[in-house]
Structure formats: C-alpha cells, structure tokens
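Undergrad: Let me give you the structure first, and then I'll get to my questions.
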Amino acid sequence: MRRDTVRRLPRGLRRLPKSGLVGAVLVAIVMGIALFGRLVTPHPAAQIVGAPYLGPGGGHPLGTDFLGRDLLSRVLAGGLTVVGLSAIATLAAYLVGATIGMLAAYVGGLTDALAMRSMDVLLAFPPFLFLLVLASGGGPGPITAVIGVAVIQIPGVARVIRAAAQEVAVRSYVEAAVARGESTQYVLSREIFPNIVSTVVADGGPRYTGSILLTAGLTFLGLGLQPPAADWALMISENRDGLTFAPLGVLVPALLIMLLTIGVNLLGDGIARSLGLSRSGELVES
Amino acid sequence: MTPVLAVSGLEVRLDNGIIVIDEIEFELRRGEILGLVGESGSGKTTTGLAMLGYARPGVQICSGSVQVLGNEMLGEPQEAIQRIRRDLIAYVPQDAAVSLNPSVRVGAQVSAILRARGERGPFEDRVRSVFERVELPASEDFMRRFPHQLSGGQQQRVSLAVALVREPAIVVLDEPTTGLDVITQDRILREIRRLRDETGAAMLYVSHDLATVSALADRIAVMYAGRIVEMGSTESLLGRPRHPYTHGLISAIPDTTPGLTLRGIGGVAVGAGERAAGCSFVARCFLATSQCREEAQEPAHPTAGTMVRCFEWKRTPPITISRNDERLRPVAAEEAWLAVSHLQAVHRTRAGIVVAAYDVSFSIGPRRSLALVGQSGSGKTTIARCIAGLHVPSGGQISWRGALIPAKARDRSRAVRRDIQIVFQNPYESLNPRRVIGAQIARPARQLRGLGRADAQRDVALLLDRVRLPARIATRYPAELSGGERQRVAIARALAAAPKLLICDEVTSALDVSVQAAVIELLMELCAELDLSLLFISHDLGVVASVADEALVLEKGRVKEHGPVASLLRDPRADYTRELLAAAPKLPESVRAKGAP
C-alpha cells in the first residue's frame, strides 16, 4: 500500500460510522479471544478433566465436551486456527488475484482474455469438490486448507479488482505515466492500486468472511485441522452428537464464528465509507 | 405592463445555514429573454430552479417571493405550486440525454404532459404540431423512437417540445446548449429565439457563456458568489460594463479575431460559505478598496434599468482589446521538429471500425504553435494521442527532429519521451487523487531527467512558481484544488520533463471562461519563456484564434483546411470552416469595435 494511502487510514478510522464501530468492537472481542485466549486457559486444552458432556458448573463454566475436556479451555485455545488460517488464505488470494486483475485491466487485449477466461474456469469448480480433490491429493492439514481456500478466492478477487482497475486505467494520470514510459510495475503499484484501495477494503470484509466459513467447513469435514487439536470448527463437528443435552459445545464456537463474520463485514464497509472515497476515487468532503 | 415573473428578496441556503444565493431581485416581462450568466458555483442554476419553487435536496428556499403571473410560488401548498408548474412555467434542463426517460418513446413523453394536466386525448395532432414547431420530423415513425435513437440536438428539441406543449407563459432554460457542438448549438439558439417570437413566452436563460447569451438575451444579469452583481440591457452591459467582474468576463471571452489577447481574472471564485463581509469579488478585483472589503454593497442604478453592486463602478474602465500582431506575421520556414505524414488511425468498437484520422499530414517548427480544430468525433484527440505514443496509428509516420519515432511511448527513447509532453482535457482526472501534488510534479523530473530527490524537490518549487501557484500547494492533494489550479499543476508536471513540444488536449474546455483565459495567458507566456512548440487541440475557434499560428480544421478524421490562423479566420476556404466560423458564439461586433484601439 502507498504511504499516502496508509497515512489516510487513521484519519479514516476516526470517522468510522456507528455500524463500523460495532463491527470493530465485535472483531476486537473475537480476535482477542482467538489470539490471547490460549494464554489464560484454566486447563490444558487436550486434557480430559471429567465426564463427557457435563453441563456448566463445578469449575467448568461451559461444561465439558464429548471426551470430557474443559470446553472453556478449548474455546479459548481454538480460535487462532480459524482466524489465522483464513486470514493467510485471504491475503494470499489478494496477492495473486489483485495482480492478475490489475494486469488484465491495464494490459488488456490477449492478456486480459487469457487471464479472465482461466479465472472463469476456476470459478466453475464447486468449491467443496475442489477442496475434497485437493485434500485427497495433498492430504488433509492446515497447509492444504490455506492453499485450497486461497485458490477458491482468487477468481472472485481478480474479477472485482479488474472491474475497479479498468475504471482507473483510462484516467489521464495513468495515461500520463504511460506516455512517460513508466514500467508496468510502477503503473500498477503507484498509479492504479492506491486508487482502488477503497474497493479492496470494501470487498475484503465479505471475502475474509467467506474464507472463515470455507476454512471452518473444511475443518468440520475433517479436511483441515486434525483432532485432538482445539479448533472452533472442529469443536462443532466433534460435539454435534451432544447438541440436545450439552448444546454449548456447538453453540459457543458457532456463535464466535458468526460474530467474527458479522464484525468483519461491518468493519470493512465502515472503513471503505470513512476513507471518504466516492466511486470515482475522488475524495469527498464529509 | 405587469411583469409575468417577479422575484424579490430571494434567499436560498444549504441545510447547514450557509447562504447559496441571496438578495436576488428581477422582473421578466412578456416575450422578454433574460440571460442569467455566472461561472460554476455562482448560484445560477439554484436561482433558475427557485423560479419553479423548487430547491435541490440539501438546500432550502428561506425567504423572498417569486410571483408567476401574480401567483406566489414560495411557501404555498404543494398542490398550488404544482398547478402553476403544470400550466404556467416550464423548465428545460441542461442535459436532455439524462432528463428524458430512456424507456419511453419521445411522442409519449410529450403527450404525458397533456395527460398529466387532465386533458383528454387523442393528443397526436397537438404532439405533431409541437414537434413541427421545434423543427423535428413529425412523422409517426419519429414519434415512436426512443431518446437514445436521436442525436444530441434532437434530444434537446424534444426537451423543448415537452416544455412548450403546455404553452407556458415562462420558460426557464438551464444551459440547454451546453455539451452540444457549436453548429447544433447555433441552430437551437435560433430555434429558441423564433419560439419566443411566436409564442410570446418570457424566458430565463441560464448559462455560463456570456457570448452565447449575448446573441439571445434582451437583458443580462451577471451573478457572482450567489448575488446578481450587475444587470442591464444586453447592449449597455456588454458595451459599457460597470462591475469589474463583468469587465473581466468580457475580456476573457475568446473571439474569432485572430491574435486577440485574452485576459483572465486571477484568483479563484468564491464558493458557498466563503463570502466575506464586503464584496465577494474583492480578492480578484483590480479596483478594490478597503471600503469594498468591509461594507456590503447596496445596488446602485447608474441609469434607468441598470443595476450594479459595486462602490467603484464609476472607475470601471471601458473594454479595450489588445492584439499580439507579432504572432500573425509569417515566419521564415525552419526545419520542422515534429513531422506527421499521412497519419491514419482507427478505433475498433463493437459496431465496427471508426476512422479517426485519414491521411493527416502537418509539421510544427520550433517555437511555433499549431491547432487541431474540430468537433467531437473529428479525430483531433486521437491524432494527439498518436503523437504522445498512447494510440498506435494504423498507417503513416511520425518523426521528431528528423528521425522516425516508434508508435508506443515505451518503445521511444528517453530523449523523445522527455521532449514531447501532453496535458489532458479533464482536470479532475489528470492528477492522481492519492498522491500529493509535489510528488506528481517531481516524478517526470526524476524519471525522465534523472534528477535526484533533492534536485527534483527544488524543481517542484520552481515549476509551481512558473505556473503561478504557491509553493505550499506541493503538500496538498488534488481534491483540495480547483479545476483551474489542477490544470496548472498538470502543466507543471509536463514542464518538469523540460519538453520541447507541449501537446494540450482541450486543456481549457472544462474550465470557466475567466479561468480559461488565465490558463491560456499562462500557456502563451510559457511558450515564449521556454521556447516551447505547442500542439493545441480545441473545438473552440475563438480559443484557437488567440493561441495558434497555424490551424488544421478536421471533420471526421479528414483535413478540411490547413493554413495560418489569421487567413483561415478572415478568409476561410472550406465550407466546413465557414460553417464553424458562422456558428461560433461571439460577442456583438459593437463590443469589440468600440474597444478597438
């Protein structure tokens, strides 16, 4: 990101609309649990401390899971993987997808056609089928999950970025750079990218949400993280047999994932709006 | 005779209390055309809409009175106002392409008005007669067309038909010809005049273009910063302006007099909420005194029927014109720097191939300026883009200082890229909104001249000074600048490469007249100081007349005429040039003649 753009960010955060603030608080809470929860677990996450499916009480505020492990400890320890893996996957998707999208928009012609048609092919695969095939080839595990989720996200990112970049690529300041003989890399990183940041931020929220859900789904199906690791999605899968008599084992991790996705969406929209960007990329006074 | 429209004490504010227009006062008589002239942000459109008792979202009509044939428009119940709008006063908006409903056939759009008035059909005959009146084909087939199937001029005529079918007593026209080419504009203006004569409707003609208004209006009101600063009959206002702003506007209007020196008004127009206690024009005024700064101006009436809002109106000098005859003298043929021969260029669209340039040849020598003149679609911009290396020609050659140069900018040598610089049309798109001004000006100096960071920074200050901008602007973002300032920055960015040829693609067409003149003044000075050659692209023969030595008149990619500007304007050979010249808006002969030395 350009220095100028970065300098505007704090100013933007200060002007966050209310819905964005709610999102920021939600994200902060869930992220806080995910990042620092592991430091304050009352019991080791993998230690069996009592009977399975105990209700809340007796030193276990949320009860125990299907093996009799402390649920609170597992919730506190199990966030990092969902939050972290999907973040890495989303970033990877942007790195590749944004480059493809901007190149397609700026260079145009055959490059554009080739890049976008191959994106269409990727888009045509049902995501979970693709992940299943990948997992059966590469074996289940966090790396497979990250690569799989990133690849699924790339075409969507590339399309959105291309549409935004196409509008910017015909502006006179880009033409001025072309007439000066600037390199493609310079034009993309200095002239085009800073002017589509608002799109990236607005698109990033739902995109990250998608990654969280995909990662969680993958883990739920047993293709991501493997037991006995503590992980929110894995917990939902493990404890679903006890849903009727010890529902907290499923509801708490599910609620946390839900709050995170809602928070990320609200925050992303809020930032995009408070950056004060109209669609043309002009700064609007507010 | 009582006026059909009487406005007094009209005041409109933004929702946050900032005044947009105030103390608006005028009358309109039957069959009279009043031109309401002002530059962008002067409040002219707000005034026009207030005549219909309407204010755009975000603004409110606060006080005053607007009477249409004795009916008050302000503060009355909605139904009463709507009845007046339906029966007595019509509005013709600026952009017909946007204001017509794209999914309704044009005949139906006109009859919808009659239906809304509660009249019973069939309406065919009346629609046909109003189409005839605005000189549109009144055939069944034409009325069944959709707006997008019509040309810009025809769309504007449909707009007029919608306004006129109800036979209103008053028509408010808001820049009805802006965006149309000069020939179409000229026809629409004739039309409006004829319709006024036939129907006896009173018209309020809102425009930024004093030259256009002068050909049409009986009286003119000049607005600045939300107030009418001068009003009078067209003849007296143009012949003997009494407000320094009017004086400046008239001096800034391009005319097809060869070699005319345009004079711009310095400074930046005052926006809403920036008004001072005294006169709003004081910062740009050459007659300003301390009294002007502190006290509000009451309207003065130099003669019956004229009004001026200025303490110093008696000191406003008559209009004088100056010519730069130096430039009109033929120059001995020198070696050409830029030589374009048999250039061909096309655009590939879904509809097929459009020829943008067909066998175009010309050359530009050192310190000479050549203009490409033509309407939109004439290919002038494409030719400029070919020379700048942004469009690959399909045939012909371009050479620079004797050597052929590659088609694409990136294949050209650094020296060529440095020598040829381009300034673009739209000031709002020509600067990167995400980078500070200083960085944008420094970049060409570093990249094309290989200057270090410190040297480039020093250059930025020099260049800003050269384009008459304060050095502190270097740390600002483009959004903080006005259109005219942005265009100066774009010129500074081009100059940072230390070019030999400057391509100016319609650089002033998005600017107000007074700012346009100032930018042209600047360009002329820069060319002289820095020994630049100039390739000037414009649709405006008036601007070309005061900028170029030589001109190429283009129509649909073909050269219609090529020669020295002076002879081309005095004695045009091609019919097309003659047509363009006749249609170009200009001030009445008397104004320039009176001022001639």
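Undergrad: Which of the following residues is out of contact with any His (no Cβ under 7 Å at 6 or more places or on another chain), touching a residue at least 40 places away in the same chain (Cβ under 8 Å) and more than 13 Å from every other protein chain (Cβ to nearest Cβ): A:Val168, A:Val157?
TA: Values: A:Val168 fails: more than 13 Å from every other protein chain (Cβ to nearest Cβ).
After ruling out the rest, the residue left standing is A:Val157.
Undergrad: Which of the helices (runs of 4 or more DSSP H) contained wholly in region B:67-134 include at least 2 residues that are in contact with a Phe, Trp or Tyr (Cβ under 7 Å, 6 or more places away or on another chain)?
TA: Counting at least 2 such residues, we get B:106-116.
Undergrad: For region A:49-79, which residues satisfy the criterion of being surrounded by fewer than 14 Cβ atoms within 10 Å (Cβ to Cβ) and outside any loop (DSSP other than H, G, I, E, B)?
TA: Scanning region A:49-79 gives a single hit, A:Gly57.
Undergrad: Check B:Leu189, B:Leu238 and return the single one that is modelled with pLDDT under 95, over 17 Å from the mean Cα position of the chain (by Cα) and either outside any strand (DSSP E or B) or within 14 Å of B:Leu173 (Cα to Cα) (or both).
TA: Checking each option against the conditions leaves just B:Leu238.
Undergrad: Another question, then. Hey, among B:Gly31, B:Gly53, B:Gly70, B:Gly75, which residue is assigned by TED's automatic domain parsing to the domain that holds B:Val229, within 26 Å of B:Arg193 (Cα to Cα) and without any contact (Cβ under 8 Å) to a residue 40 or more places away in the chain?
TA: Just a single option satisfies the conditions, and that option is B:Gly53.
Undergrad: From the list A:Gly148, A:Gly210, A:Gly222, which one is on the phi > 0 side of the Ramachandran plot and either buried (at least 20 other Cβ atoms within 10 Å of the Cβ) or outside any helix (DSSP H, G or I) (or both)?
TA: A:Gly222
Undergrad: Please go through region B:428-476 and give me each residue that is of a type in the set (A, V, I, L, M, F, W, C) and within 11 Å of chain A (Cβ to nearest Cβ), ordered by number. Steps first, please.
TA: Keep residues of region B:428-476 that are of a type in the set (A, V, I, L, M, F, W, C), which gives B:431, B:436-437, B:439, B:441-442, B:445, B:448, B:451, B:454, B:456, B:460-464, B:467, B:469, B:471, B:473-474.
The answer is B:Leu431, B:Val436, B:Ala439, B:Ala445, B:Leu448.
Undergrad: Name the pairs: first residue in region B:274-291 and assigned by TED's automatic domain parsing to the domain that holds B:Asp22, second residue surrounded by fewer than 18 Cβ atoms within 10 Å (Cβ to Cβ) and among the aromatic types (Phe, Trp, Tyr), Cβ to Cβ under 7 Å, at least 6 apart or on different chains?
TA: Sorted first by the residue in region B:274-291, then by its partner, the list stays empty.
Undergrad: Take region B:388-404 and flag every residue that is closer than 29 Å to B:Ile353 by Cα, without any contact (Cβ under 8 Å) to a residue 60 or more places away in the chain and away from chain A (no Cβ under 11 Å).
TA: Passing the criteria: B:Val392, B:Pro393, B:Ser394, B:Gly395, B:Gly396, B:Gln397, B:Leu404.
Undergrad: Can you tell me which residue is farthest from B:Val171 (Cα to Cα) among those in region B:87-109 that are among the β-branched types (Val, Ile, Thr) and in contact with a Leu (Cβ under 9 Å, 6 or more places away or on another chain)? Outline the logic, then answer.
TA: The first filter runs over region B:87-109 and keeps only residues among the β-branched types (Val, Ile, Thr), leaving B:89, B:92, B:98, B:104, B:106.
From what is left, the residues that are in contact with a Leu (Cβ under 9 Å, 6 or more places away or on another chain) are B:89, B:92, B:106.
Values: B:Ile89: 6, B:Val92: 7, B:Val106: 20 Å.
So the residue we want is B:Val106.
Undergrad: Also: Only one of these is among the small types (Gly, Ala, Ser) and facing chain B (nearest Cβ under 10 Å): A:Ala177, A:Ala135, A:Ala145, A:Ala163. Name it. Outline the logic, then answer.
TA: Details: A:Ala135 fails: facing chain B (nearest Cβ under 10 Å); A:Ala145 fails: facing chain B (nearest Cβ under 10 Å); A:Ala163 fails: facing chain B (nearest Cβ under 10 Å).
After applying the criteria, what remains is A:Ala177.
Undergrad: Checking the conditions here, which among B:Val171, B:Val162 is in a helix (DSSP H, G or I), at pLDDT 90 or above and either touching a helix residue (DSSP H, G or I) at 6+ places or on another chain (Cβ under 7 Å) or among the aromatic types (Phe, Trp, Tyr) (or both)? Working first, answer last.
TA: Numbers: B:Val171 fails: in a helix (DSSP H, G or I).
Exactly one of B:Val171, B:Val162 is in a helix (DSSP H, G or I), at pLDDT 90 or above and either touching a helix residue (DSSP H, G or I) at 6+ places or on another chain (Cβ under 7 Å) or among the aromatic types (Phe, Trp, Tyr) (or both), namely B:Val162.
Undergrad: Is there any pair with a first residue in region B:408-433 that is within 13 Å of B:Cys386 (Cα to Cα) and without any contact (Cβ under 8 Å) to a residue 24 or more places away in the chain and a second that is of a type in the set (Lys, Arg) and buried (at least 18 other Cβ atoms within 10 Å of the Cβ) whose Cβ atoms are under 7 Å apart and which are 6 or more apart or on different chains, and what are they?
TA: B:Ala409/B:Arg417
Undergrad: For region B:405-427, what are the residues that are more than 7 Å from chain A (Cβ to nearest Cβ) and farther than 24 Å from B:Gly450 by Cα?
TA: B:Gln425, B:Pro427
The values are calculated or read from the model by the stated rules, or taken from the named source; none is laboratory data. Since this is a predicted model, take the numbers as computed values, not measurements. Positions of Cβ are generated from backbone atoms using ideal geometry, with glycine treated the same way; all protein chains shown enter the neighbour counts.
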